[in-house]
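> First, the structure itself, so that you have it in front of you.
The values are calculated or read from the model by the stated rules, or taken from the named source; none is laboratory data. Please read these numbers as outputs of a predicted model, since none were measured by experiment. Using ideal geometry, Cβ is built from the backbone for each residue, glycine included, and neighbour counts are taken over all protein chains shown.
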Amino acid sequence: MKKLLVVGLSAFLLAACGNEVDDVAQNEDEKAKAKTEETAASEDTSKKEADKAKENDIWTYYEDAKWNDDYKGLKTEIQKVVISDKAPGMDDNGEEITTSAVGVQFKIENTTEGKFVTYPDQATLVTSTGEQVEADMVFSENIGGEIDKGVIKEGDVIFYLKRGNADKIEWVKLSWTGNTGGETDTDVEYKDWETELKLK
């Protein structure tokens, strides 16, 4: 009788464990399914948010408008150009306005042991629409001046257009100056950079 009771109890416990294992497996399947659905919903929401942000983005990006130069170890790169007829700006009274602008993304790296001086944040911009304007030093990032050994500077230089019509620009031309930072004035070599970038 005792043996029968032990066998019966063992059978009951095994059946209960089997049911628990089935329940755990079913719960895990349900959790995995819920997680998959949650991930899909999250990705769908992220895509919608990205699409909405893209619709509301005031800038048109020209990722292929690139340029690079290596002047004695000073590497200068234009990574892209952006334009907008709805760029934030200020009028002469300090009031916030929307206006036309061109933005240029730079990366500058000194790969030498010496120093350089370069002023892309003071560049002149010429457009295919007949504008010639100077960089806005207030809204541009401070990437110019002396660049010591090993230094990397990255940032955007902004140009506000006087006549607008940024969306009609087909090409832009940029020019700026700099030099090798020599020990004395006679050691300094001056350099002019100029490049034309096609947008359309």
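> Can you tell me which residue is surrounded by the fewest Cβ atoms within 10 Å (Cβ to Cβ) among those in the stretch 87-136 that are charged (D, E, K, R) and in contact with a Lys or Arg (Cβ under 9 Å, 6 or more places away or on another chain)? Write out each step before concluding.
First, pick out the residues of the stretch 87-136 that are charged (D, E, K, R): 91-92, 95-96, 107, 109, 113, 115, 121, 131, 134, 136.
Going one step further and asking which of them are in contact with a Lys or Arg (Cβ under 9 Å, 6 or more places away or on another chain), we end up with 107, 109, 113, 115, 131.
Values: 107: 15, 109: 17, 113: 9, 115: 17, 131: 20.
So the residue we want is 113.
> Enumerate the pairs (first residue in the stretch 173-187 and at pLDDT below 85; second residue anywhere and in a loop (DSSP other than H, G, I, E, B)) with beta-carbon separation below 8 Å, excluding pairs fewer than 6 apart on the same chain, so at least 6 apart or on different chains.
Qualifying pairs under 8 Å: 181/114; 181/115; 181/188; 182/188; 182/189.
> For residue 168, state whether it is within 20 Å of residue 60 (Cβ to Cβ) and either outside the structural domain of residue 111 (by TED's automatic domain parsing) or exposed (fewer than 12 other Cβ atoms within 10 Å of the Cβ) (or both). Before you say what the answer is, go through the steps one by one.
Details: within 20 Å of residue 60 (Cβ to Cβ): yes; either outside the structural domain of residue 111 (by TED's automatic domain parsing) or exposed (fewer than 12 other Cβ atoms within 10 Å of the Cβ) (or both): no.
In short, no.
> A further question on this structure: Determine the pairs where a residue that is in the same structural domain as residue 192 (by TED's automatic domain parsing), located within the stretch 135-161, has a partner that is among the aromatic types (Phe, Trp, Tyr) and not in a strand (DSSP E or B) with Cβ atoms under 6 Å apart, the partner being 6 or more residues away or on another chain.
Correct list of pairs: 144/119; 158/139.
> With respect to the numbered conditions (1) at pLDDT 95 or above; (2) farther than 25 Å from residue 167 by Cβ, which one is the sole condition not fulfilled by residue 125?
Against the list (1) at pLDDT 95 or above; (2) farther than 25 Å from residue 167 by Cβ, residue 125 comes up short only on (2).
> A follow-up question, please. Find the strands (runs of 3 or more DSSP E) located wholly in the stretch 86-200 whose residues include 3 or more that are not charged (D, E, K, R), and list them. Break it down stepwise before answering.
Values: elements: 96-110, 116-118, 124-127, 132-134, 145-147, 152-160, 171-180, 190-198.
Where strands (runs of 3 or more DSSP E) fall fully within the stretch 86-200 and carry at least 3 residues being not charged (D, E, K, R), they are 96-110, 116-118, 124-127, 152-160, 171-180, 190-198.
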